[in-house]
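Computed from the coordinates by the stated procedures, all read-outs in this text should not be read as laboratory data. Please read all numbers here as calculations on a predicted model, not as lab measurements.
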Amino acid sequence: MPLKIARFITLVLLALVLGVSFSHALQAAPKATLAGFFFLDIHHVLLSRYGTVMGTIEVAALVLALVSLALVRRERPPFVANLVSVVALAVMLLVWAVFIYPINQEVATWTAVALPADWEQYRDRWHLWHAIRTGLALVAFGAFAISLLVEPKKRLFASPY
């Protein structure tokens, strides 16, 4: 029972992660047409709560995916698919921490009357890294879903008992 509960909650959290990541991908083209002050206003308003909420959801998804991984560690196909999911989710978080968070910190200091000359480069990099995260979210969700669908075939580590 703990396995089913952990895996169900993990799947729901990964679906949320994928959905929000996909929403960032959908925003890229329309936001690229906006003048700087419109872009900045929309960016600040729309994204004001993403960090806290999504950060919590992504970390919870990773923790539960790790719990699920531990619970299926002896079942080869589910273990491998679950491991792929964990790695993709961990890389997603790393991409955010290394590339997106610094951009967010910089953009947070901007005002509509004092946009830097290269603001479009920041916007485009932000969307590029989010597109990469969307791909990783798709891998994480897909691999985890596969881990739920595949039948265990043989144990990786046979128990002596």
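Could you grab the relative contact order for the range 36-150? Cα pairs under 8 Å, six or more apart, rounded to a whole percent. Working shown, then result.
Working: 78 pairs, mean separation 48.3, N = 115.
Normalised by residue count, the contact order of the range 36-150 is 42 percent.
Between V53, V20, V80, the Gaussian network model of the chain with springs among Cα atoms under 10 angstrom shows the greatest mean-square fluctuation at V53. Extent along the principal axes, Cα only, for the chain: 70, 22, 21 Å, with the longest axis given first. The slack in the chain from L138 to A25, taken as 0.36 nm per residue of separation less the alpha-carbon distance, amounts to 39.5 nm.
For the range 119-128, backbone phi angles converted through the Karplus equation (6.51, -1.76, 1.60; θ = phi - 60°) give residue-by-residue couplings of 4, 5, 5, 4, 4, 5, 5, 4, 5, 4 Hz, Gly and Pro being listed as x.
Averaging over all projection directions, the Cα-based convex hull of the range 10-100 occupies 6.5 nm² in the image plane.
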